[in-house]
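K.L.:
Attaching a single structure in structure tokens format; questions to follow.
The values are calculated or read from the model by the stated rules, or taken from the named source; none is laboratory data. These figures come from a predicted structure and were not determined experimentally. When we count neighbours, we look across all protein chains shown, and the Cβ atoms used for this are built from the backbone with ideal geometry, even at glycine. Just so you know, the surface numbers come from the protein's heavy atoms only, side chains and all, with ligands and any DNA or RNA stripped out. Shrake-Rupley method; radii C 1.70, N 1.55, O 1.52, S 1.80 Å.
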Amino acid sequence: MTVTVQYAIRRDELWSWYWTAWKRRLWIYHVAIVAMTILTFVQLGVGGSLAPAIVAGSAVGLMLVGVMILYPQIRYRPEERTLTFDETGLSYQRGEKAGRMQWSRIRSVTGNGDAIVVMDRGQNAFIIPGRAFRDAGQRGEALVKISALHQGAT
């Protein structure tokens, strides 16, 4: 069994997915980054006393978090993508870039609103928008098939 999907993701769909992921689990990484930056600045005695170290650490930590939030938008590419799912994993192509990913590298296949999200173990994701499908029924069928392929291989 194979499932092939072609789509081009839009910036607003990427942002929507990131916001959802942030609410679910990414926020804890951002809090940890700011806290670690503050602690590092305090330990190093930046600014000569506690208050300036906390302010400077907060500012730098928030800038780092800002870069993390903007990074997916900076890397955004509007080209059409083709994903093909089969028993061994998925093949992908975007313009000239093509590759293959085994199911063992995929952490999850989930529905997220009207999108299907295929998340790898490194926090990267293939976000397949609902408009890539003819209708909600076709999207649901694709989600069931892709999930079955993933579960059958893991």
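K.L.:
Run down ILE106, ILE69, ILE128 and say which single residue is closer than 30 Å to LEU39 by Cα and in contact with a helix residue (DSSP H, G or I) (Cβ under 9 Å, 6 or more places away or on another chain).
P.N.:
Step by step, each of ILE106, ILE69, ILE128 is checked, and only ILE69 is closer than 30 Å to LEU39 by Cα and in contact with a helix residue (DSSP H, G or I) (Cβ under 9 Å, 6 or more places away or on another chain).
K.L.:
Which one is most open to solvent (accessible area, probe 1.4 Å) among residues in the stretch 103-154 that are part of a loop (DSSP other than H, G, I, E, B) and more than 22 Å from ARG11 (Cα to Cα)?
P.N.:
Restricting to residues being part of a loop (DSSP other than H, G, I, E, B) and more than 22 Å from ARG11 (Cα to Cα), the top hit is ARG121.
K.L.:
With respect to VAL65, is the statement that it is of a type in the set (Val, Ile, Thr) and within 16 Å of the chain's Cα centre (by Cα) true?
P.N.:
yes
K.L.:
Taking the stretch 93-102, which residues are open to solvent by less than 80 Å² (accessible area, probe 1.4 Å) and not small (Gly, Ala, Ser)?
P.N.:
ARG94, MET101
K.L.:
Restricting the stretch 2-20 to residues that are touching a residue at least 24 places away in the same chain (Cβ under 8 Å) and assigned to a helix (DSSP H, G or I), which is nearest to ARG77 (Cα to Cα)?
P.N.:
Within the stretch 2-20, the match that is nearest to ARG77 (Cα to Cα) is ARG11.
K.L.:
So which residues in the stretch 36-92 are loosely packed, with under 14 Cβ neighbours inside 10 Å and in contact with a Lys or Arg (Cβ under 9 Å, 6 or more places away or on another chain)?
P.N.:
GLN73, TYR76, ARG77, PRO78, GLU79, GLU80, THR82, THR88
K.L.:
Does the stretch 42-60 include one or more residues that are within 29 Å of ILE116 (Cα to Cα) and among the β-branched types (Val, Ile, Thr)?
P.N.:
no
K.L.:
Next question, about the same structure. Looking at the stretch 7-17, is at least one residue in contact with an Asp or Glu (Cβ under 9 Å, 6 or more places away or on another chain) and either polar (S, T, N, Q) or open to solvent by less than 60 Å² (accessible area, probe 1.4 Å) (or both)?
P.N.:
Checking the stretch 7-17: at least one residue is in contact with an Asp or Glu (Cβ under 9 Å, 6 or more places away or on another chain) and either polar (S, T, N, Q) or open to solvent by less than 60 Å² (accessible area, probe 1.4 Å) (or both).
K.L.:
Given the criteria at pLDDT below 90 and on the phi > 0 side of the Ramachandran plot, does GLY152 qualify?
P.N.:
Here the answer is no, as GLY152 does not meet what is asked.
K.L.:
Sticking with this structure for a sec: Within the set of pairs 6 or more residues apart or between chains, which connect a residue that is closer than 16 Å to VAL5 by Cβ inside the stretch 90-107 to a residue that is acidic (Asp, Glu) with Cβ atoms less than 8 Å apart?
P.N.:
ARG94/GLU79; ARG94/GLU80; MET101/ASP120; ILE106/ASP120
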